[in-house]
Amino acid sequence: MTDYDTVSADVEEEEEIPEDHPRYQDLLTRHRIEEGVEKGITHLQGMHAEGRGSAFDYLLGEETIPTAEEAERAAAAHLLLADRPVLSINGNVAALVPGEMVDLAEAVDADLEVNLFNRTPERMEAIADHLRDHGAEDVKGLEADARIPNLDHQRAKVDEDGIYAADVVLVPLEDGDRAEALDEMGKTEIVVDLNPLSRSPQVADVPIVDNIIRAIPNVTAHARDLADADDDRLRGIVEEFDPDRALEAAEKRIRNGL
Ligand code: PTJ
């Protein structure tokens with residue numbers, strides 16, 4: 001029998017966390033964020049963000065609800081239809097799902113771009129290196145030769161041939177005004193956020209209310225499943241998806257339980 005009491009904050013390697021622990025996913029997430037902070041990838045504020053996410057995930061039952069699964073399929077269809085899809089990476093995303101983001105970028109032929117709220121050259125480099133260690137060939141965001149209009153903080157800094165020129169952008173884990181500014185630029189936005197009331201999912205074309213640890217592998221699996229689908233079929237999936245219904249269903253699950 002596993003002695004769960006020995007699974008404490010002093011876990012050094014994630015393999016030490018027993019997979020049959022009832023809070024396995026949460027312990028794994030916490031461990032990756034702590035490690036991200038130690039490596040200079042994740043900002044200390046990322047721990048607060050993770051705490052918020054974790055509370056919502058607890059209320060959602062720590063599972064992918066049916067409307068999130070629909071959103072993940074719609075996201076895959078959007079990314080496959082896109083001419084210039086870009087996946088945006090911040091310090092939490094880099095710590096939690098680096099290899100999974102590289103896999104998704106490969107599955108839908110998207111670029112990866114580092115975009116930070118607490119931007120420093122050291123963190124930009126550390127995250128780009130971390131993504132390269134997980135198989136990324138080209139990492140954008142370091143040039144920062146363009147600006148998102150109507151946004152006066154560090155997240156406005158983007159690559160001209162990356163987020164600035166993208167038609168579809170995946171925006172994970174940020175409750176902020178960038179999503180609105182990207183929306184004003186006419187971009188299609190896919191947002192991953194466990195809080196359906198956050199600003200970013202509220203303006204998204206596809207709000208995915210799910211833990212990023214589950215969401216990204218699911219989007220990749222749908223993209224692989226749809227790899228041979230023609231554009232009409234992909235457009236059908238996109239049109240069938242209703243963002244308001246998805247947000248309502250997630251909020252209902254959080255407020256009322258099952
Ligand atoms: O790396 P930087 O400098 O760009 O900073 C990134 C953080 C995350 C610190 C910054 O974007 C931030 O402060 O974010 P917020 O405003 O706390 O928003 C993060 C959102 O992500 C919240 O709505 C959380 O509920 C949600 N969230 C946190 N962890 C997860 C999550 N959603 C999905 N999966 C998660 N694991």
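The values are calculated or read from the model by the stated rules, or taken from the named source; none is laboratory data. What you see is a predicted model; the values in this text were computed from it and never measured. With ideal geometry, Cβ positions are generated from the backbone for all residues, glycine too; neighbour counts draw on all protein chains shown. Heads up: the accessible areas ignore ligands, DNA and RNA and are worked out on the full protein's heavy atoms, side chains in. Shrake-Rupley method; radii C 1.70, N 1.55, O 1.52, S 1.80 Å.
Descriptive notes on the structure:
- Tally, over the range 1-50, of residues that are of a type in the set (A, V, I, L, M, F, W, C) and at pLDDT 95 or above: 6
- Filter pass, residue 196 being within 16 Å of the ligand (Cβ to nearest atom), in a loop (DSSP other than H, G, I, E, B), under 20 Å from the mean Cα position of the chain (by Cα) and modelled with pLDDT of 95 or more: yes
- Within the range 106-126, residues that are among the acidic types (Asp, Glu) sit with their Cβ atoms under 8 Å from residues that are near the ligand (Cβ under 9 Å from one of its atoms) and open to solvent by less than 50 Å² (accessible area, probe 1.4 Å), at 6+ positions apart or across chains, in these pairs: 113/89.
- Any helices (runs of 4 or more DSSP H) falling wholly within the range 74-169 and containing at least 1 residues that are more than 16 Å from residue 217 (Cα to Cα): 91-96, 121-133
- Per-region count, the range 53-68, residues more than 21 Å from residue 206 (Cβ to Cβ) and either in contact with a strand residue (DSSP E or B) (Cβ under 9 Å, 6 or more places away or on another chain) or not acidic (Asp, Glu) (or both): 5
- Taken over the range 171-193, residues that are within 9 Å of the ligand (Cβ to nearest atom), at pLDDT 95 or above, out of contact with any Leu (no Cβ under 7 Å at 6 or more places or on another chain) and open to solvent by 10 Å² or more (accessible area, probe 1.4 Å) amount to 1.
- Residues (in contact (Cβ under 8 Å) with a residue 12 or more places away in the chain, over 20 Å from residue 62 (Cβ atoms) and either surrounded by fewer than 18 Cβ atoms within 10 Å (Cβ to Cβ) or more than 8 Å from the ligand (Cβ to nearest atom) (or both)) located in the range 42-51: 45
- Restricting the range 155-167 to residues that are open to solvent by 10 Å² or more (accessible area, probe 1.4 Å) and closer than 23 Å to residue 208 by Cβ leaves a set whose member that is nearest to the ligand (Cβ to nearest atom) is 155.
- Qualifying residue in the range 128-136 (condition: surrounded by 21 or more Cβ atoms within 10 Å (Cβ to Cβ), within 30 Å of residue 231 (Cα to Cα) and within 16 Å of the ligand (Cβ to nearest atom)): no
- Sole residue being farther than 23 Å from residue 115 by Cβ, open to solvent by less than 30 Å² (accessible area, probe 1.4 Å) and either within 12 Å of the ligand (Cβ to nearest atom) or out of contact with any helix residue (DSSP H, G or I) (no Cβ under 9 Å at 6 or more places or on another chain) (or both), chosen from 55, 77, 68: 68
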